[in-house]
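Below is one structure, written out as C-alpha cells; comments come after it.
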Amino acid sequence: MQVLDEDEFTVLFTKRIWELSAEKGLPFGKEPSEYARAVARAYWLSLHAEGLSPEECADEDASYWP
C-alpha cells in the first residue's frame, strides 16, 4: 500500500465523499467538500496509517451518515 501525504489523501478522500453523497445524500447535511476537509485529517492520521486507502476511509465514514 502506498502511504499518501495528507494533501494527496484529502484529494482522493474528498472525491470519494462526493461520489458517496450522490448516492446517499449530503453527509450530515453538509456540503461534501467542506465536510471532507473537516474530517479527512482524522482518517489520514488513524485509518490510513493502518493501511486503508482514502476511498476505504470515506466508505467507512459514510456508514455513519444518517
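The values are calculated or read from the model by the stated rules, or taken from the named source; none is laboratory data. Because the structure is a prediction, the values reported are computed rather than measured. Just so you know, the surface numbers come from the protein's heavy atoms only, side chains and all, with ligands and any DNA or RNA stripped out. Shrake-Rupley method; radii C 1.70, N 1.55, O 1.52, S 1.80 Å.
How about segment 1-32: which of its residues are open to solvent by 50 Å² or more (accessible area, probe 1.4 Å) and of a type outside the set (D, E, K, R)?
Met1, Gln2, Val3, Val11, Leu12, Trp18, Ala22, Leu26, Phe28, Gly29
From the list Ala58, Ala38, Ala49, which one is open to solvent by less than 60 Å² (accessible area, probe 1.4 Å) and on the phi < 0 side of the Ramachandran plot?
Ala58
Name the residue, out of Glu56, Glu19, Glu60, that is closer than 18 Å to Gln2 by Cα and part of a helix (DSSP H, G or I).
The conditions single out Glu56.
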